[in-house]
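Working notes, beginning with the structure itself.
The values are calculated or read from the model by the stated rules, or taken from the named source; none is laboratory data. Every value quoted in this text rests on a predicted model; they were computed, and no experiment measured them. Cβ: placed from backbone, ideal geometry, glycine included. Neighbour counts: every protein chain shown.
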């Protein structure tokens with residue numbers, strides 16, 4: 001077909017058909033990126049679990065190192081004390097010499113005194129033997145503690161390397177996702193945003209339906225208490241969390257200037273001296289109580305699978321969170337709020 005004929009064929013297309021083709025292309029473009037982002041999201045959630053697991057193992061190893069160091073210090077001090085006592089005994093025995101021992105025995109004025117002196121010598125010898133044996137035990141304990149310290153040090157280093165490798169992989173994947181988003185045309189980007197919003201709303205409806213079906217025919221007050229004592233009033237964390245508004249989201253970060261969603265929660269609670277693990281599923285497991293979002297108090301952690309925020313107002317309608325890559329810490333996102341399924345109390 002010649003050039004003129006090709007142009008004629010294009011011009012002959014119905015305008016509505018041409019628009020439909022263009023819309024379909026944009027939709028296909030958005031769908032392709034969306035599918036890749038969904039896959040990336042799943043990978044990131046798995047990576048987060050592995051990353052924080054490695055960090056937890058590293059911290060546990062470091063805590064064990066501290067315990068072993070305390071044992072090393074204690075054994076070292078005790079060995080020093082025992083050596084000093086044994087040294088003093090050796091000096092005393094050297095100064096008295098064999099004649100001193102004989103004088104002590106032969107100088108007894110009666111059989112009873114001889115018996116008492118002999119018993120005293122045996123007790124002294126037993127004490128010397130005990131000191132020697134305790135010294136040996138302390139030296140063994142010292143070596144065991146040093147060996148365990150070295151082992152835990154290797155574990156901590158290995159877990160630190162593992163966490164760093166996971167983080168590097170995640171950062172590479174995040175960079176890839178950003179390139180994907182940057183490659184989208186304006187129209188395709190709008191379609192993608194719309195699809196993501198619809199997907200979040202759909203998941204929220206499904207979660208609500210699942211909870212509704214799980215309720216008994218004759219409703220009773222559910223027991224959300226998971227032990228660990230009475231939850232505290234942690235409304236003070238709100239001010240700390242709000243002070244981070246505008247800070248960039250960075251996967252795996254826990255402040256003070258960059259955060260991911262669970263990192264913001266962990267950091268905010270840490271400011272009032274409360275430790276909460278840095279991973280949304282671990283936070284769910286650590287909560288003393290899990291209540292409906294409608295019962296959230298200021299400072300409670302709003303939770304859904306893969307994301308958390310901090311309630312600013314009763315009921316969680318106003319909250320603060322670190323949303324996602326490329327976004328800043330901000331407060332109140334009704335779409336995200338509708339997807340929270342629990343309020344966690346610590």
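Within segment 284-296, the residues that satisfy the criterion of being crowded, with 17+ Cβ neighbours inside 10 Å and in a loop (DSSP other than H, G, I, E, B) are 287, 296. Total residues in segment 235-283 satisfying the condition of being surrounded by fewer than 21 Cβ atoms within 10 Å (Cβ to Cβ) and either in the same structural domain as residue 169 (by TED's automatic domain parsing) or in a strand (DSSP E or B) (or both): the figure is 2. Within segment 301-329, the set of residues being within 24 Å of residue 252 (Cβ to Cβ) and part of a loop (DSSP other than H, G, I, E, B) comprises 305, 306, 322, 323, 324, 325, 326, 327, 329.
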